[in-house]
Amino acid sequence: MNPKLEVKYLRLEQSRNRLLDELAGLSDEQLNTYPAAGKWSINQHVAHLVLVEERALSSIKQQLQQQDTLLDIDFSTSVKALLVKLALHSGRKYKAPAAVANVPDQAALPELRQQWDKLRFELEDELTSFPHHLLEKGVLNHPMVGCLSINQALSFLQDHFEHHRQIMLRQKEALIS
């Protein structure tokens, strides 16, 4: 695996495992508790993260099948990616795009973890075999930014994860206090 991709992948994995460890002490009831009307439960946030990674992996695989048509990342895409990064780190809440907003009302964390494990193994396989000459090509179709490179895609997944992690940890604090 490319060393830069490996560092980003390992950070994603460490973050995910730390979060799942932090949530392990909560009951199914707590994990499925809505903090307020119209707000997602912790398990719904986890389900959303799994769904986003599933869609991202699918996009990457699809784009890699069309290697000859992949485009270089332009400056405007990089600027938009930076703006999304800043937005995710701002602490503000955003409505999820429709394609990744359909989460179950109730979910079981062990099942979500199994799905996530499977996705991460597939992502690791894709990153291990990722062609070096495509590192600066657009491989992830982001609904707001456009096509991101694999490095930008992994950065987005990390930023997106951290955004939801902060929300979940605040919810956890409210549940146990």
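Quick note: the coordinates plus some simple rules give every number you see, no bench work behind them. Computed from a predicted structure; not experimentally measured. Using ideal geometry, Cβ is built from the backbone for each residue, glycine included, and neighbour counts are taken over all protein chains shown.
Values computed for the structure shown
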quantity	calculated
HN-Hα J in Hz across region 110-120 - Karplus 6.51, -1.76, 1.60, θ = phi - 60°, x for Gly and Pro	x, 5, 4, 4, 4, 4, 5, 4, 4, 4, 5
Distant-in-sequence amide H partners of CYS147 (H built 1.01 Å from N, under 5 Å)	HIS142
Pairs beyond 21 Å (Cα-Cα), from LYS8/LYS118; LYS93/LYS172; LYS61/LYS118; LYS95/LYS118; LYS61/LYS95; LYS95/LYS137	LYS95/LYS118; LYS61/LYS95; LYS95/LYS137
Label zone at ARG92, where the point sits 7 Å out along the Cα-to-Cβ direction: region 145-165 residues whose backbone N lies under 17 Å	145, 160, 163-164
Pairwise centroid distance, computed over Cα atoms, of region 86-163 with region 1-53, Å	12
Over the chain: helical MRE at 222 nm, DSSP H runs n ≥ 4 each giving -39500 (n - 2.57), nearest 500	-21000 deg cm²/dmol
For mean projected area of the Cα convex hull in nm², calculated from these coordinates, the label among (i) 15.1; (ii) 10.0; (iii) 10.7	(ii)
